[in-house]
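Data block below; observations after.
Since every read-out is calculated from the coordinates, none of them should be taken as a lab result. Predicted model only: the values in this text are computed from it and were never measured. Because the Cβ atoms are built from the backbone with ideal geometry, glycine has one as well, and the counts that use them run over all protein chains shown.
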Amino acid sequence: MTGYGKAEITFRNHKLICEIRSLNSKSMDLSVRLAPCLRAKELDIRTIVNQRLERGKVDLLLINDEMSATKSLNDVSPINWQAVHTYAAQYKAQFGEVPAEVMAAIMRFPDVLKQQEEAGDLTDEEWQQIQALLNAAIDGFIAFRTQEGAALQAMFTEKLDGIADLLAQVEPFEKGRIAKIRERLEANLAQLSAETQAQTDRNRLEQEMIYYLEKLDITEEKVRLTNHIKYFRETMDGEGSGVGKKLGFIAQEMGREINTLGSKSNQSEMQIIVVKMKDILEQIKEQVLNVL
């Protein structure tokens, strides 16, 4: 949900600049800074932004060059000297000489610094200009998000391919894993005393062994993980809102299957593969937060 858009026009003999920046957020958090002439339209401006941008921590600047931090000394607002003399005279009449710190405070009074541009009401034509400027900045912002989204999709595709490749690497270890476990169990049973072995119900023992080995089978986890990867790809190609949340849910389900693979592996080589899967999945989860 990170993004940036900018547009500018000439408005009332000044350059009017619109900038939109966004960071990740689960909801819409809009902060607005407007030129004085636009404050009466703040609610309308917020409505336009909220309708076109679904969520994010959004900062909107819609200001003229008079409000820029880079303006020169010739551009600063003129001082209302009459107000300065009035305040100073009142202080002097009450307390005597005016010290420097008091004069410094007087110079910061709101009515001492005149605004070069009065707020004034916008005409219909001017409001249309403002709307066009705002929408142009939003268009640039959305284009930026689209570009970022394409890069994210390419990254997700690469990571999903990595998990699928690692899942395929499990198969060679899986084939001999059950047989080795069975051999280890039978070897342990062979170490029991002859009397104990004679008292052992072989049918019941075989049933228990089959039940234990079935619990170690990872076929279902492999199938589900493969389906989750496929569904993640399909969801990425979808359109509309809420895709990011859906991808987050799918990633959680992928994590469950990978964790189950790790708990059932009972083999160091498979556990190493599972750790690599988890590492890739965490990278996916971090970036899913950037998807709307």
How large is ³J(HN,Hα) for each residue in segment 285-292, as worked out from phi by the Karplus curve 6.51 cos²θ - 1.76 cosθ + 1.60 (θ = phi - 60°), to whole Hz, x for Gly and Pro?
4, 4, 7, 4, 4, 8, 9, 5
Once R0 is set to 35 Å, what does the formula 1/(1 + (r/R0)^6) return for the Cβ-Cβ distance between ARG256 and THR157, expressed as a FRET efficiency to the nearest 0.05?
0.95
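Take the residue pairs LYS6/LYS245; LYS159/LYS285; LYS222/LYS245; LYS230/LYS264 and return only those whose Cα atoms are more than 18 Å apart. Don't skip to the end; give the middle numbers.
On the way: LYS6/LYS245 28 Å; LYS159/LYS285 11 Å; LYS222/LYS245 24 Å; LYS230/LYS264 23 Å.
Checking Cα-Cα distances, LYS6/LYS245; LYS222/LYS245; LYS230/LYS264 exceed 18 Å.
What does the extension gain come out to for ASN227 and PHE95, with contour length at 0.36 nm per residue minus their alpha carbon separation? Please report the intermediate quantities before stating the final value.
Numbers: separation 132, 0.36 × 132 = 47.52 nm, distance 8.31 nm.
Full extension from ASN227 to PHE95 adds 39.2 nm.
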